[in-house]
Structures are given as C-alpha cells and as structure tokens.
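Read through the structure below, which is laid out as structure tokens, and then see the notes.
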Amino acid sequence: MIVRTWRGWTHREDTEAYAEYILGTGIVEYKATPGNEGAYLVSRPDGDRTEFLTISFWDSSDSIVAFAGDDIEQAVFYPEDDRYLVDREIIVKHFTVH
C-alpha cells in the first residue's frame, strides 16, 4: 500500500469553506478512483492560517496514475484552489506502508 500526502494553507477565516470545497472535490475524486483505499482531510491552526493535509491510501502506483496522471509527484489542483490557498505544496509525498 502507498500513502500519498499533500499540504496547503488558507487564511484562518477560510477554513470551513475550503474544507467543504476539498471534501466535495478532491476527496470525492480520490475515493472514486479504482485502487483508492481511503482518503482523509485534516487541518490544524497555524498562526493566522490553517494548514490542511490530505492523506490518501492506494493499492499501487498505477492507481495513483489513474487519479493524478503520469507524473504522480505533481499535486492535483481544482479550479477554486487559487481562491482559498495562500501557500501550497506543488509536489506530493508518497510513502510505503510496511
């Protein structure tokens, strides 16, 4: 199993709106992709911002390709991300579950 993580930050006042947005876009798409074993969105206060972390579980790198495209290291963004995000990782991290 492979764990895929991504982080982004919003202004504190956008926390709830961005959480709803990502739950309705990215998390839905993760879970709809064959080979996805689960996906979560977590957040925490970070000064005057909120840090978001997506964590998804995959059965293989081929399943990640089906979601993210051939370059699985590139983050996947959605149309309204620019509206909410004040900072973001453009490269995701993958970990092997032992």
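Rule-based calculations on the coordinates, nothing more; no lab input. Keep in mind the model is a prediction, meaning the values are calculated, not measured. Backbone-built Cβ (ideal geometry, glycine too); neighbour counts: all protein chains shown.
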Completion exercise
Of (1) more than 20 Å from GLN74 (Cβ to Cβ); (2) touching a Leu at 6+ places or on another chain (Cβ under 8 Å); (3) touching a residue at least 60 places away in the same chain (Cβ under 8 Å), VAL42 fails just (3)
Practice task
Please go through region 62-95 and pick out each residue that is polar (S, T, N, Q) and closer than 24 Å to ASP46 by Cβ.
Solution key: GLN74
Exercise for the section: Name every residue in region 16-26 that is touching a residue at least 12 places away in the same chain (Cβ under 8 Å) and surrounded by fewer than 17 Cβ atoms within 10 Å (Cβ to Cβ), in order of residue number. Expected result: ALA17, LEU23, THR25
Practice task
Considering every residue within region 85-97, establish whether at least one is more than 22 Å from ILE2 (Cα to Cα), surrounded by 14 or more Cβ atoms within 10 Å (Cβ to Cβ) and touching a helix residue (DSSP H, G or I) at 6+ places or on another chain (Cβ under 7 Å).
Solution key: no
Exercise for the section: Please go through region 7-22 and pick out each residue that is assigned to a helix (DSSP H, G or I) and touching a strand residue (DSSP E or B) at 6+ places or on another chain (Cβ under 6 Å). Expected result: ARG12, THR15, TYR18, ILE22
Exercise for the section: Give region 50-60 a look and list any residue that's surrounded by 18 or more Cβ atoms within 10 Å (Cβ to Cβ) and in contact with a Lys or Arg (Cβ under 7 Å, 6 or more places away or on another chain), or say none. Expected result: THR50, PHE52, SER56, TRP58
Practice task
With the condition kept exactly as written, say whether any residue in region 30-39 is among the hydroxyl-bearing types (Ser, Thr, Tyr), in contact (Cβ under 8 Å) with a residue 60 or more places away in the chain and in a helix (DSSP H, G or I).
Solution key: no
Fill in the blank from the handout: Over region 73-98, the set of residues closer than 20 Å to LYS31 by Cα, assigned to a loop (DSSP other than H, G, I, E, B) and free of Cβ contacts under 8 Å to residues at least 40 places away in the same chain is GLU73, PHE77, PRO79
Exercise for the section: With respect to SER63, determine if the residue is in a helix (DSSP H, G or I), of a type in the set (Gly, Ala, Ser) and surrounded by 15 or more Cβ atoms within 10 Å (Cβ to Cβ). Expected result: yes
Problem - The listed residue being closer than 29 Å to SER63 by Cα and more than 13 Å from the chain's Cα centre (by Cα), out of GLU16, GLU37, GLU51 - result: GLU37
Practice task
Output the residue which, of all residues in region 71-84 that are in contact with a helix residue (DSSP H, G or I) (Cβ under 6 Å, 6 or more places away or on another chain) and of a type in the set (A, V, I, L, M), is surrounded by the most Cβ atoms within 10 Å (Cβ to Cβ).
Solution key: ILE72
